[in-house]
Every structure is written in C-alpha cells, then in structure tokens.
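One structure is given below, encoded as structure tokens.
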Amino acid sequence: MAHPNTEWIPKPNHSTRILLIRHGETDWNKASRYQGHVDIPLNATGLQQAELLRRRFERMAAQIQQPSLFDQCYTSPLERARATAQVLNHNNQPLIANANLKERNYGVLAGLTSTEMQLQFPKEFQSISSRESHAIITHGESLSEFNQRVLSAFHHIIQANLQRTVLLVAHGGVLDCIYRFSLNIPLQIQRSWPIPNGAFNLIDVHPNNQLEIRIWADTTHLHRLNAEKLDELDGRIT
C-alpha cells in the first residue's frame, strides 16, 4: 500500500484501476447519525471536499498529460454520492448510477445516533456493534447481504472496464467492504483503518485478479478542512 501524501502512480500495463471515493460530508455525518438509504445531501463542507478533490484530479491529469484521470464514472444513486461524483466529473462524462453501490440499508435504525439506537433498539444495536454478519435489521439488510451486493457491483464494474481507469463514488460502508475484500479481512473484524469523507483511495486490479491497494485515505488535499476529524470515531462509516 502506498504511503499517504502520494500523488499519481503510473498504472501497470494490463491492470484495471479503481479510484475509490467516499462522498463528501453531510449534516448527518456531522451529527453522527446513521444514514443508510436515507437521501441526505452534502453540506457546505462536503461540497468543499469534493471541489478540493476535483482540483487534485485536475493537477494529476495535467501531470500525466491527460484530459481526465478516469475513463468511466460509477456512482451510488444517493444524492450525497451522486453530487460528489458530479463535481469530480469535470469532463462531463456520463455518470452510471448503480443501486448496488448504495450504503447498507439500516432499516429502523436509519437516522439515529448510536446512543438513540442503544435506547430504542438495543438488540439490533448490539448486532451491528459486534458485526454479526447474518443478523437482520428490521426493514433493513444484514451485513452479509450488504457485502454480497457491494462485491457483486464491484466485480461487474471491473469486468466491464478491463484495463481502464474507473472513478467509483460511494459510501463508507461500501469502501469498507471493498477494502476488506482486497486484503481478505473477515467481516467480523472491527475496523481499524480510516475511511474519511472525500479522501483519495486507489486500487489496482492486476490481470491475475489480485487487488493491490496503492493509496488509501489520502487527505492531503483536505488539510485546510481538518480532514483528520472527518472519519467517525465510533466506527460508524455511513
């Protein structure tokens, strides 16, 4: 894995490259509320994060003398991801919305903070806190179901874009699933890696299907926004 503060890394021949971005900040991120499928827009900070990342993309594209860093752009259809993708897509390429890139469906827990969940739905709160992969959330989905649909979308995007560079804009939970898959980390293991809003992440998929994380959680373009504070400390990454 590349060290943070790394700029563009040349893409290996015959590999597929994924630029993996978590959407910018929302007011519910700031208030530590689980968003899930609730369609919360970016706040002013989230829009700034997207704009600062766009400028970084443009600098790196100029460095490699290309009009754009990516050949195709995929996004979750939820507004916070789609709006982030629209800012980053400075060449106005078609945006492909994929519903399987949505955040986990938290059902009755959506919109609540951890404290509110613990009081109102203690059993379900315990199941997500302990990362029980097959525990069902009322009107929502299990961690295992969520992981399966995310990886299904991820594999489809790779196969549809072999040897190309793809921008994929989604959610903290989606990025977490892909990170775990890349490094073969079980779902039940508690997260110890950062997934900040608007950070730069880069994964290369080699011809033998090996995934290599080249850059992760690089927030050098966000330093003036105190980016180190933008990843929730309670492990909630929606």
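Descriptive notes on the structure:
- Net lengthening on full extension, ARG55/GLN148 (0.36 nm per residue, minus Cα-Cα): 30.1 nm
- Between the helical axis of 44-63 and the longest alpha-carbon principal axis of the chain there is an angle of about 30 degrees.
- Using C-alpha pairs below 8 Å separated by at least 6 residues, the relative contact order for the chain is 33 percent.
- Relative contact order of segment 1-93, defined on C-alpha pairs under 8 angstrom at six or more residues apart (%): 30
- Distance between segment 75-91 and segment 126-141 - C-alpha centres, whole angstrom: 28
- Both radii are taken from the alpha-carbon atoms of segment 12-152; with Rh as the Kirkwood radius, Rg/Rh is 1.04.
- Carbon plus sulfur fraction of accessible area for segment 1-122, probe 1.4 Å, in percent: 49
- Relative protection proxy for 103-110, 162-169, from highest mean packing down: 103-110, 162-169 (other beta-carbon atoms within 10 angstrom).
- For segment 110-166, accessible area per residue (1.4 Å probe, heavy atoms of protein chains only), Å²: 52
- The chain pair-distance distribution - Cα-Cα, 10 Å bins, rounded %: 8, 34, 38, 16, 3, 0
- Within the accessible area of segment 128-205 (1.4 Å probe), percent carbon and sulfur: 53
- Taking every C-alpha pair closer than 8 Å and separated by at least 6 residues, the mean separation divided by the residue count of segment 109-163 gives a relative contact order of 18 percent.
- Amide H within-cut-off set for GLU141, under 5 Å, with H built and near neighbours excluded: ASN105, GLY107
- Helical contribution to [θ] at 222 nm, DSSP H n ≥ 4, -39,500 (n - 2.57), averaged over the chain, rounded to 500: -10000 deg cm²/dmol
The values are calculated or read from the model by the stated rules, or taken from the named source; none is laboratory data. All values reported here derive from a predicted model rather than from experimental measurement. Cβ: placed from backbone, ideal geometry, glycine included. Neighbour counts: every protein chain shown. The protein model used for the area step is the full one, side chains on, heavy atoms only, and it has no ligands, DNA or RNA in it. Shrake-Rupley method; radii C 1.70, N 1.55, O 1.52, S 1.80 Å.
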